[in-house]
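The values are calculated or read from the model by the stated rules, or taken from the named source; none is laboratory data. No experiment lies behind these values; they were computed from the predicted model shown. All Cβ positions, even for glycine, are placed from backbone atoms using ideal geometry, and neighbour counts span all protein chains on display.
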Amino acid sequence: MKINRRDLLKTGLLSMGSLTLAPYLRAGAFPETALPLDNAGRIYYSPMVREHFLDEMPAFKTMIRIGSNENPYGPPVSAQNAVAKAVTGGNRYAWQEMFALINGIAEKEGVTRENIMMGPGSSDLLEKTALVLFAKGGNVVSADPTYMSLIRVAESAGATWKAIPCKPDWSHDLEAMEQAIDKDTKLVYVCNPNNPVGSVTDTAKLMDFCSRVSEKVPVFVDEAYLEFAQDATGSMVSLLNQNKNVIIARTFSKIMGMAGLRIGYIAALPSTLAEIQKITRGGMGISLTSIMGATAALADTEFQTLSATRNDEVKSYLYESLTALGYSYIPSYTNFVIFPIATEGKTFLSKMSEKGIAVRSFEIQNKPWCRVSMGTLDEIKQFVGALKDMA
Ligand code: PLP
């Protein structure tokens, strides 16, 4: 079953903006390409994965929010103080402060400041990269399952998605991904560690892959969760010093605990950034407060270590509890864990929501899974309690 956006426009339905049409509208602009729908008339999401949300988000204040991979310990106090102090300077644009932050990031990453572009969260940069690179269609190659933000925007710009199933250990099947590249491939997207499965891909193999493949097409490596992986995998940013066409995305939302403050960056070749900056100025969407908060958080390695340590402690507790309850799980190198469940996704979410708990469910390989983010130990204990009650 297929539906064309132009047909929707002709019938006038698109302009009605009705709720039933919301998914089509969300899918983006108006290229000629058809949006593939599944048998239930829903937007086709992935050969392997469908993600479930509750239709209505229950009131946040009553919720244990362990659905969006946020960091329950942030923002660091150092960042909070910096944000508060910055408020009085809010009458000015924050160019100078942003350039200072860019210098700090470049130093940390071992690249030059010409390699860095800032955005209000890495989502913004994922999306802008997709809008630029897929303006004339083409295809994007990635693992399946993976994080869909860039791919969705690529599809809405008219690109097709070449979804390459993960290997049995849920790492990227780099060989198959390389084989999938063809003359229309505009970008390869790698999420390492990978959301929603939490797996990592071997650093040396990925380095080799990126090094070779980026000679043909740019490789986008989304490293949102890298700091949680500790030594299990590494950044690809050093490839920029060999002039490789990689785009590395990093965020202050996860290990730094600043998801609501919205700040992230990409590191790429200056020529690649120049392409992206044809449609957008980097950094214009970020407030002075976020910039000053990020500057403080970047220096606050103590907070980052604390986040990673607590995350590991809570994860160990969850692993033990899941095993005791008879669940299996995919070992995770992130701040979330995914595991198969016996209940259909939406029903599971509703039951959790009745207990004031917000998690996410996915359908992977036609089976329901729950993805739970590492809240505090107390929050995860409540989640485990809710799982027991559901048994
Ligand atoms: N990349 C991955 C893999 C993510 O999981 C997320 C958010 O959950 C993001 C990017 C976007 O994060 P943000 O826009 O907050 O930087």
(message) Based on this model, can you work out whether Thr112 counts as closer than 18 Å to Asn245 by Cα, over 13 Å from the mean Cα position of the chain (by Cα) and crowded, with 24+ Cβ neighbours inside 10 Å?
(response) no
(request) Tell me which residues, restricted to the range 242-267, are of a type in the set (Lys, Arg) and either within 17 Å of Met118 (Cβ to Cβ) or within 11 Å of the ligand (Cβ to nearest atom) (or both). (result) Arg250, Lys254, Arg262
(message) So Asn103 ticks every box in (1) surrounded by 21 or more Cβ atoms within 10 Å (Cβ to Cβ); (2) within 15 Å of Leu298 (Cβ to Cβ); (3) not hydrophobic (A, V, I, L, M, F, W, C) but one. Which box is left unticked?
(response) (1)
(request) All but one of (1) more than 14 Å from the ligand (Cβ to nearest atom); (2) in contact (Cβ under 8 Å) with a residue 40 or more places away in the chain hold for Asn91, so report the exception by its number. (result) (2)
(message) Against the definition (more than 22 Å from the chain's Cα centre (by Cα) and within 16 Å of the ligand (Cβ to nearest atom)), how does Ala84 come out, yes or no?
(response) no
(message) Among the numbered criteria (1) out of contact with any Phe, Trp or Tyr (no Cβ under 9 Å at 6 or more places or on another chain); (2) part of a helix (DSSP H, G or I); (3) away from the ligand (no atom under 14 Å from the Cβ), which one does Met177 miss?
(response) (1)
(request) For the range 284-299, enumerate the residues that are buried (at least 18 other Cβ atoms within 10 Å of the Cβ), more than 14 Å from the ligand (Cβ to nearest atom) and closer than 15 Å to Gly104 by Cα. (result) Ile291, Met292, Thr295, Ala296, Leu298
(message) part of a loop (DSSP other than H, G, I, E, B) and in contact with a Leu (Cβ under 7 Å, 6 or more places away or on another chain): which single residue out of Ser235, Ser199 fits that description?
(response) Ser235
(request) Check Phe220, Phe228 and return the single one that is in contact (Cβ under 8 Å) with a residue 24 or more places away in the chain and closer than 17 Å to Ser68 by Cα. (result) Phe228
(request) For the range 364-378, name all the residues that are of a type outside the set (Lys, Arg), buried (at least 18 other Cβ atoms within 10 Å of the Cβ) and not in a loop (DSSP other than H, G, I, E, B). (result) Ile364, Pro368, Trp369, Cys370, Val372, Ser373
(message) Please pick out the residue among Arg360, Arg310, Arg371 that is within 22 Å of Val197 (Cα to Cα), out of contact with any strand residue (DSSP E or B) (no Cβ under 9 Å at 6 or more places or on another chain) and among the basic types (Lys, Arg).
(response) Arg310
(request) Evaluate the following for Leu273: is it more than 18 Å from the chain's Cα centre (by Cα), within 16 Å of the ligand (Cβ to nearest atom) and within 23 Å of Ile116 (Cβ to Cβ)? (result) no
(request) Find the residue count for the range 328-348, including only residues that are farther than 11 Å from Arg371 by Cβ and touching a His at 6+ places or on another chain (Cβ under 7 Å). (result) 1
(message) All but one of (1) touching a helix residue (DSSP H, G or I) at 6+ places or on another chain (Cβ under 8 Å); (2) at pLDDT 95 or above; (3) among the hydroxyl-bearing types (Ser, Thr, Tyr) hold for Thr280; state the number of the condition that does not hold.
(response) (2)
(message) Can you tell me which condition Ile338 does not meet? The list is (1) touching a residue at least 60 places away in the same chain (Cβ under 8 Å); (2) out of contact with any Gly (no Cβ under 8 Å at 6 or more places or on another chain), and all the others hold.
(response) (2)
(request) Please state which of the following conditions Lys205 fails to meet, knowing it meets all the rest: (1) of a type outside the set (Asp, Glu); (2) within 29 Å of Asn311 (Cβ to Cβ); (3) part of a loop (DSSP other than H, G, I, E, B). (result) (3)
(request) Could you list, in sequence order, all residues of the range 109-160 that are in contact with a Phe, Trp or Tyr (Cβ under 9 Å, 6 or more places away or on another chain), part of a strand (DSSP E or B) and either more than 16 Å from the ligand (Cβ to nearest atom) or modelled with pLDDT under 95 (or both)? (result) Asn139, Val141
